Amino acid sequence: MQVQFRAAPTRRSFLSGTAIALALAGTAAPIAAQDLAGEIRFSWWGGQVRNDKTDQIIQLFEQQNPGVRVVRENADFAPYWERLTIQSTGNNQPCAITMQSRWLATYARPDILLPLDDLVADGTLDVSGIPETVLNAGRGADGNLYMIPHGVFYFALMYNEQMLENAVANGVEPIEWPYTWDEYANHLRAVQPTLPEGAVATHNMGREPDAFIPWVQSHGEQVFDGSQVAFSRETAVAWFNYWETLRNEGVTESPEEMISENSALVEESNLANGRGYATNRPPNQLGSVQTVTNTVNPGATINIRPYPVGPDGTVGMDLGSNGIAIGANCAAEQLPIATAWINFWTQDTEAAGIYESDNGVVAIPDLATAQAEDPDTQPTQVRHIELYQQVVDTAKPVFWPAGGYQAMTDTLNRAYDAVAFGQLTPEQGADQLMSELQQQLSQASR
Amino acid sequence: MSTLDASDDQASPATMSARPVRVIPQGRSGSALKKADNRAAYLFLLPWLAGILLITTLPMLASLYLSFTNYAVIGLPAWIGLDNYIRLFTADRRFITSIWVTLTYVGWSVPLVLLFSLAIAVALNRGLRGLAIYRSLFYVPSLIGASVGIGLLWKEVFGERGVVNDILGWFGIAGRGWINNPTFALPSVIALNVWTFGASMVIFLAALRQIPESYYEAASIDGANAWQRFRRITLPLIAPVIFFNTVLLLINSFQSFTQAFVVSNGRGGPVDSTLLYSLYLYQQAFQQMQMGYASAMAWILLIAIGIATALMFWSSRYWVFYGDR
């Protein structure tokens, strides 16, 4: 699908927010006006664009609740979790904590996060419109609800539309989802000769959990079973072989460039600079990738598409959610503010309009549809929401055990790097991956 | 040495008039005065005592205790005896890797920094014009070299599209991602450390300036060439400073962290090639949140540095020359 891009709107329309509100009348429960007074701390992760949006939403909340002050605490993604852990140790975590399903298991304990079931049951927390499956992503291993999800994130492939059009003009068959992993590899092989000199058809994703998970799940296996590694050695070996074959055929980068590309800023990335046809990045970054591409590689259009499916057509896409949790240390007089803040963030149409699904597609489907239909929404965000709606029903959310995401990233990085640099065979790499991943999971669950 | 005792001292009016007299207030005994003096001394010592107790001793003792526990930061520590230590030496492949990486790093870094800093100091000691400017220029990297900014700069310089590859390209040599290659990543980090030789150089320069010129003149008259003068005069006379710099560099190198952290994005890669001991310790403590395990690693590092330093002191008796012996 070709995404048409137009100039960014000059205003963040309050009118459109009102229109959405009218459209959704009856789906989102009105939030009871309260005389709130006091101060809470609210933490989140993200870059400047998200910081600005969050600040706008906080200002709006403070305007509506003149006695309330929300203290902002933000950080980049990795240090955010380190800080939260240290804060939790000292019982100094913020009252309102942005949480992610991938990290929830580490903190989902009543002495760190407040169980929210009772607050939902008595209506203090408004979860109307949030699908049950999405809401359940906020539960810990003990079954308690610890997070109210406000955004659902997924993973997809990004590609350069112009490179694809050029390839098609040179006789390459376009592919339509659902395509299998083998069909996708063949597509990349066909595209490679049509690319400019020095460009590669795909970023090498052999070391990246966001790509490995759909591979595992599309082959009919689970990633984890509790805190146990659940995928098979054969699946891991096949994954390494898949990428080694593409690398040896020159369809993807050298191992050195793969590592560099893995941590590259959008500005430096092969995709944005016209040196790569396809890669994997979170779809919510589509807007920023397009913006950068407009500067460094004018004329190029970036689009997204789902990960391939398994040989029997099984979809392996993982879904996660971002939401807000309440610190167990939140004082009784702060609790009404924290709950009002969560209700505002998840249910208020104006707040949702400002945030524009910045950290995952807004959890309430009607709000997502309204955003997609709003003419003021950025086309990249529309595409982000549309693709989500296309694949959400077949996705398989992974339950991440405590420390699981960190462990998977660390061990998969090292195992595939060793394979790519010829220090281990794919079989040895798979053995190392499985043993070290299990070791770290066991360590985290001790 | 004086043989006068206190009674002799008090018996001599001449001595009394020449020395400051301690006035003992009436009604206060000597011991009361001593107590008052001690109180004043302790009062002045209080900030330091508070610092060493609260910032150094207590955390060290806590770390020692935690090293015998399973402590995942969140939750309470659980006593597991020597399990962390046993697991480190018997079941942790990366721990052994981090030791080898660190020994390689120390083994190359320390001699190279010593050689570079001594060579530059000798060159600067020849009475160059603009010495102060050169000295400052060479010293600056040691001030900023361990910073995150320089680590990032280094990453760019040695990166796939970095300056090093641009220069190699002028000579038709195809470059590579030096920092992202397991063979070249550690040498790149060592090169960054060697670049920060300025602090050692300044110390060497100060030592070289203490050697009397007459020694060299006498040796020249006796027919000694430049190498012989350096080998027989300079080296022995600055041996204590070489020893001092070596011990400092050794301790610092064992604890190196920032540069490897920055160039590998905190992972010690590629393929653990830059997994310095302190970086692995950090990963255990702050990425995997295994604070008990990391504490055990910290104590092993402390003991290893202690042994290395003790060995240096033991060996010094064979090669360090002090003028008063």
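The values are calculated or read from the model by the stated rules, or taken from the named source; none is laboratory data. Only a predicted model underlies this, so the values are computations on that prediction, with no experimental measurement involved. Every residue, glycine as well, gets a Cβ built from its backbone with ideal geometry; the counts of neighbours run over all protein chains shown. Surface areas here come from the heavy atoms of the whole protein model, side chains and all, with no ligands, DNA or RNA. Shrake-Rupley method; radii C 1.70, N 1.55, O 1.52, S 1.80 Å.
Mind listing whichever residues of the range A:293-325 are outside any loop (DSSP other than H, G, I, E, B) and either closer than 22 Å to A:G206 by Cα or not polar (S, T, N, Q) (or both)? Lay out the reasoning, then the answer.
Going through the range A:293-325, the residues outside any loop (DSSP other than H, G, I, E, B) turn out to be A:293-296, A:302-305, A:309, A:319-325.
Answer for the range A:293-325, where residues must be outside any loop (DSSP other than H, G, I, E, B) and either closer than 22 Å to A:G206 by Cα or not polar (S, T, N, Q) (or both): A:V296, A:I302, A:N303, A:I304, A:R305, A:V309, A:L319, A:G320, A:G323, A:I324, A:A325.
Any residue in the range B:250-260 that is touching a Gly at 6+ places or on another chain (Cβ under 9 Å) and of a type in the set (V, I, T)?
Among the residues of the range B:250-260, at least one is touching a Gly at 6+ places or on another chain (Cβ under 9 Å) and of a type in the set (V, I, T), which makes the answer yes.
Since B:I99 meets every condition but one in (1) within 14 Å of another protein chain (Cβ to nearest Cβ); (2) of a type in the set (A, V, I, L, M); (3) touching a residue at least 24 places away in the same chain (Cβ under 8 Å), which condition does it not meet?
In the conditions (1) within 14 Å of another protein chain (Cβ to nearest Cβ); (2) of a type in the set (A, V, I, L, M); (3) touching a residue at least 24 places away in the same chain (Cβ under 8 Å), B:I99 misses (1) alone.
Scanning for something touching a residue at least 60 places away in the same chain (Cβ under 8 Å), under 26 Å from B:A91 (Cβ atoms), out of contact with any strand residue (DSSP E or B) (no Cβ under 8 Å at 6 or more places or on another chain) and not β-branched (V, I, T), does the range B:229-244 turn up at least one residue?
Among the residues of the range B:229-244, not one is touching a residue at least 60 places away in the same chain (Cβ under 8 Å), under 26 Å from B:A91 (Cβ atoms), out of contact with any strand residue (DSSP E or B) (no Cβ under 8 Å at 6 or more places or on another chain) and not β-branched (V, I, T), which makes the answer no.
All but one of (1) modelled with pLDDT of 95 or more; (2) away from chain A (no Cβ under 14 Å) hold for B:A296; state the number of the condition that does not hold.
B:A296 satisfies all of (1) modelled with pLDDT of 95 or more; (2) away from chain A (no Cβ under 14 Å) except (2).
Please note which helices (runs of 4 or more DSSP H) are completely contained in the range B:215-325 and include at least 3 residues that are of a type in the set (A, V, I, L, M) and in contact with a helix residue (DSSP H, G or I) (Cβ under 8 Å, 6 or more places away or on another chain).
B:235-254, B:258-263, B:291-319
Run down B:G159, B:G127, B:G151 and say which single residue is within 14 Å of chain A (Cβ to nearest Cβ), farther than 24 Å from B:V247 by Cα, free of Cβ contacts under 8 Å to residues at least 24 places away in the same chain and among the small types (G, A, S).
Values: B:G127 fails: within 14 Å of chain A (Cβ to nearest Cβ); B:G151 fails: free of Cβ contacts under 8 Å to residues at least 24 places away in the same chain.
Selected residue: B:G159, the only one of B:G159, B:G127, B:G151 that is within 14 Å of chain A (Cβ to nearest Cβ), farther than 24 Å from B:V247 by Cα, free of Cβ contacts under 8 Å to residues at least 24 places away in the same chain and among the small types (G, A, S).
For the range A:41-73, what are the residues that are open to solvent by 60 Å² or more (accessible area, probe 1.4 Å), modelled with pLDDT of 90 or more and closer than 18 Å to A:G353 by Cβ?
The answer is A:D52, A:Q56, A:Q59, A:Q63, A:Q64.
So in the range A:74-104, with the set limited to residues that are within 11 Å of chain B (Cβ to nearest Cβ) and touching a Pro at 6+ places or on another chain (Cβ under 9 Å), which one is surrounded by the most Cβ atoms within 10 Å (Cβ to Cβ)?
In this case the residue turns out to be A:L84.
For the range A:363-393, how many residues are over 17 Å from the mean Cα position of the chain (by Cα), open to solvent by 60 Å² or more (accessible area, probe 1.4 Å) and of a type in the set (D, E, K, R)?
Qualifying residue count, the range A:363-393: 2.
Table: residues versus (1) on the phi > 0 side of the Ramachandran plot; (2) more than 19 Å from the chain's Cα centre (by Cα).
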position	(1), (2)
A:H203	no, no
A:A236	no, yes
A:F240	no, yes
A:G250	yes, yes
A:N273	no, yes
A:P283	no, no
A:T293	no, yes
A:P306	no, no
A:P311	no, yes
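Are any of the residues in the range A:365-373 facing chain B (nearest Cβ under 10 Å) and small (G, A, S)?
Of the residues in the range A:365-373, the ones facing chain B (nearest Cβ under 10 Å) are none.
No, the range A:365-373 contains no residue that is facing chain B (nearest Cβ under 10 Å) and small (G, A, S).
If the requirement is being within 14 Å of chain B (Cβ to nearest Cβ), touching a residue at least 60 places away in the same chain (Cβ under 8 Å) and not polar (S, T, N, Q), which of these qualifies: A:G327, A:G313? Let's see the steps before the verdict.
Numbers: A:G313 fails: within 14 Å of chain B (Cβ to nearest Cβ).
That would be A:G327, the only listed residue that is within 14 Å of chain B (Cβ to nearest Cβ), touching a residue at least 60 places away in the same chain (Cβ under 8 Å) and not polar (S, T, N, Q).
With the structure loaded, tell me whether A:A415 is within 22 Å of B:A91 (Cα to Cα), within 20 Å of the chain's Cα centre (by Cα) and within 14 Å of chain B (Cβ to nearest Cβ) or whether it fails that test. Spell out the reasoning first.
Working: within 22 Å of B:A91 (Cα to Cα): yes; within 20 Å of the chain's Cα centre (by Cα): no; within 14 Å of chain B (Cβ to nearest Cβ): yes.
So A:A415 fails the test.
Tell me which residues, restricted to the range B:75-93, are in contact (Cβ under 8 Å) with a residue 12 or more places away in the chain and over 16 Å from A:Q440 (Cα atoms).
Residues of the range B:75-93 in contact (Cβ under 8 Å) with a residue 12 or more places away in the chain: B:77, B:80-85, B:87-88.
Within the range B:75-93, B:P77, B:I80, B:G81, B:L82, B:Y85 meet the criteria.
Yes/no per residue for (1) open to solvent by 20 Å² or more (accessible area, probe 1.4 Å); (2) out of contact with any Cys (no Cβ under 9 Å at 6 or more places or on another chain); (3) over 30 Å from B:N181 (Cβ atoms):
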{"site": "B:E213", "(1), (2), (3)": "yes, yes, yes"}
{"site": "B:E217", "(1), (2), (3)": "yes, yes, yes"}
{"site": "B:S220", "(1), (2), (3)": "yes, yes, yes"}
{"site": "B:L250", "(1), (2), (3)": "yes, yes, no"}
{"site": "B:Q259", "(1), (2), (3)": "no, yes, no"}
{"site": "B:S264", "(1), (2), (3)": "no, yes, no"}
{"site": "B:G268", "(1), (2), (3)": "no, yes, no"}
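So, B:S278, is that one farther than 30 Å from B:V157 by Cβ and in contact with a Phe, Trp or Tyr (Cβ under 7 Å, 6 or more places away or on another chain) or not? Before you say what the answer is, go through the steps one by one.
Details: farther than 30 Å from B:V157 by Cβ: no; in contact with a Phe, Trp or Tyr (Cβ under 7 Å, 6 or more places away or on another chain): yes.
Spelling it out, it is not the case that B:S278 is farther than 30 Å from B:V157 by Cβ and in contact with a Phe, Trp or Tyr (Cβ under 7 Å, 6 or more places away or on another chain).
Given the range A:177-292, what helices (runs of 4 or more DSSP H) lie entirely inside it while holding 3 or more residues that are open to solvent by 10 Å² or more (accessible area, probe 1.4 Å) and within 14 Å of chain B (Cβ to nearest Cβ)?
Working: elements: A:181-191, A:209-218, A:233-248, A:255-262.
In the range A:177-292, the matching helices (runs of 4 or more DSSP H) lie at A:255-262.
Output the residues belonging to the range B:278-294 that are among the polar types (S, T, N, Q) and open to solvent by 10 Å² or more (accessible area, probe 1.4 Å).
Here is the first cut: in the range B:278-294, the residues among the polar types (S, T, N, Q) are B:278, B:283-284, B:287-288, B:290.
Selection gives B:S278, B:Q287, B:Q288.
Among what's in the range A:425-446 and is open to solvent by 40 Å² or more (accessible area, probe 1.4 Å) and within 10 Å of chain B (Cβ to nearest Cβ), pick the residue that is nearest to A:T245 (Cα to Cα).
Looking at the filtered set, the residue picked out is A:S435.
Identify the residue in the range B:247-290 that is closer than 24 Å to A:T89 by Cβ and among the small types (G, A, S) and, among all such residues, is nearest to the other protein chains (Cβ to nearest Cβ).
Here the residue is B:G266.
Taking the condition surrounded by 15 or more Cβ atoms within 10 Å (Cβ to Cβ), within 30 Å of B:M289 (Cα to Cα) and without any contact (Cβ under 8 Å) to a residue 40 or more places away in the chain, does A:P115 pass?
Values: surrounded by 15 or more Cβ atoms within 10 Å (Cβ to Cβ): yes; within 30 Å of B:M289 (Cα to Cα): yes; without any contact (Cβ under 8 Å) to a residue 40 or more places away in the chain: yes.
The answer is yes for A:P115.
Condition (residue is modelled with pLDDT of 90 or more, touching a helix residue (DSSP H, G or I) at 6+ places or on another chain (Cβ under 7 Å), surrounded by 12 or more Cβ atoms within 10 Å (Cβ to Cβ) and in a helix (DSSP H, G or I)) applied to the range B:53-65: is it met by at least one residue?
First pass over the range B:53-65, keeping only residues modelled with pLDDT of 90 or more: B:53-65.
Now restrict to residues that are touching a helix residue (DSSP H, G or I) at 6+ places or on another chain (Cβ under 7 Å): B:63-64.
Going one step further and asking which of them are surrounded by 12 or more Cβ atoms within 10 Å (Cβ to Cβ), we end up with B:63-64.
Restricting the remaining residues to those that are in a helix (DSSP H, G or I) gives B:63-64.
Taking every residue of the range B:53-65 in turn, at least one turns out to be modelled with pLDDT of 90 or more, touching a helix residue (DSSP H, G or I) at 6+ places or on another chain (Cβ under 7 Å), surrounded by 12 or more Cβ atoms within 10 Å (Cβ to Cβ) and in a helix (DSSP H, G or I).
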